[in-house]
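First comes the structure, then the notes that go with it.
Computed from the coordinates by the stated procedures, all read-outs in this text should not be read as laboratory data. Note that the coordinates shown come from a computational prediction; the quantities given were computed from them, not determined experimentally. Neighbour counts are summed over all protein chains in view; Cβ atoms, including those assigned to glycine, are modelled from backbone coordinates with ideal geometry.
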Amino acid sequence: MGKIQIFSCEKHFQEAIDAAVLRLKNGKPVALPTETVYGLAGSCENSNAIESIFFLKKRPLSDPLIVHVFDKSWACDFFDWNKDQKACFMSLAGTFWPGPLTFVMEARAGVSEVIRAGSPTVALRSPASAFFREVLQRFGRGLAAPSANMFGHISPTTARDVAEEFAGEDLAVFDGGACQVGIESTVLRIFRDGSLQVLRPGCITPAEIEECLERVGSKAVWRKKTSGSIVAAGASPGQELTHYAPRSPTFSLVEGTPRDEAEGRSLEKTVLIDFASRHQKLRTTLLGYIDPAPLGSLRCFTQELFGSLRKAEKTKGVQSILVYFPKDLKGQWSDALRDRIRRSSSGRQAQLAESEAFFIPVQV
Ligand code: AMP
Ligand code: MG
């Protein structure tokens, strides 16, 4: 049995950098903070390190990894792009990097097929976390880094989450505090014909991408009419319906009172993650009540969603988890939040029974 070692990035920045770089040079994966979620990083040129990442996460080899680079000058080692793709990338990366925007384009020969999961494309992003950036600069090579959690489970937003996830493994975790954003990057495909598609929504929105491209007079257009819409299931590997899932059955709580109450489940065994205190009066009936954004701040809710799901699944005696997020609420992170809630709950929905003592799963 191995053991988790936690290094503080804040108290001992240089020592922690040295330790991370040494491990990476030895082909060992390390868990690093990013602004989105914690990543499990390994050299993109070391096949042993890449295999260890898949092995530790129990991630299927069909699910590609994102390569993290220091800045846009590193991208030409990875992308086999044409003039239009490159121009589009340069404008967007110039605006959003370092930051939570991942680009997917055709890969140059020589980019690991394991990282790409056999696909002709590779995904690249430049993280904003100062610690991760220093590691990249010192290491001098791209780092493949998926989220540092077991495949399909909730993404980690603190070093403690990572340590719990990989308890018993020989892994170094670098603690840079809680992640600022709290959900994964927006993944953007730039096609050869210059058209665009959002493969995974994140906190950089299609509107912001459009605005940036308009500013530079780019001709890039969305591939589908519905701008920035999420691609059909299966079009991007790793975008299965069930993802970010807690260990207890999770439901998205929707408005309405169901007619058939036969399948009711007790709120006494349920933890509810609420938004803007909407269901505060159920507090005394519920096993647990978590209100990550009592004032309705989308930023707070985004930062706290994954942590709240972890807290909910760890609550003693929990049998079900409900997550409430208003159906029509629009804002910078709302589409990305809906996506994460839908996947955490595998698309299941539920409504409160009239008595408000239990909830009922509903067909959608
Ligand atoms: P994560 O587990 O947060 O690192 O997410 C990785 C996600 O990025 C995958 O699940 C895909 O949705 C996307 N991705 C990574 N590489 C590619 C690729 N080569 N082509 C398309 N999507 C990719
Ligand atoms: Mg992940």
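Tabulated results
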item	result
Built amide H within the under 5 Å cut-off of L199, gap 5+	V187, L188, R189
Dipole axis of the chain (+1 Lys, Arg; -1 Asp, Glu on Cβ), positive-most option in A109, S248, L92	A109
Segment 45-85 and segment 109-159: distance between their alpha carbon centers, rounded to Å	6 Å
When each of K28/K83; K3/K57; K57/K269; K25/K58; K28/K58; K281/K316 is checked by Cα-Cα distance, pairs over 27 Å	K28/K83; K57/K269
Anchor K86: lysines whose Cα lies under 18 Å away (excluding residues fewer than 8 positions away in-chain)	K72, K219
Phi to ³J(HN,Hα) by Karplus 6.51 cos²θ - 1.76 cosθ + 1.60 over segment 191-198, Hz, x for Gly, Pro	7, 4, 7, x, 7, 10, 8, 7
Reference-scaled alpha-carbon Rg (2.2 N^0.38 Å with N residues) for segment 151-190	1.40
Cα shape, segment 21-67, gyration tensor, a/c 1.5 rule	oblate
Sites matching trypsin sites (Lys or Arg not before Pro) across segment 15-121 that sit in DSSP coil, with at most 10 neighbouring C-beta atoms within 10 Å	K58
Rounded to the nearest 20 debye, dipole of segment 84-147 from Cβ charges on Lys, Arg, Asp, Glu	160 debye
Label-point separation in nm, V114 to T284, each point 7 Å along Cα→Cβ	5.8 nm
Cα gyration tensor category, rounded, prolate or oblate, for segment 112-172 with a/c compared to 1.5	oblate
Cα Rg over Rh - the chain, Kirkwood	0.98
FRET efficiency, A357 to D170 (Cβ-Cβ, R0 51 Å, nearest 0.05)	0.60
Whether segment 1-152 is rounded, prolate or oblate, judged on the alpha carbon gyration tensor where a/c under 1.5 counts as rounded	oblate
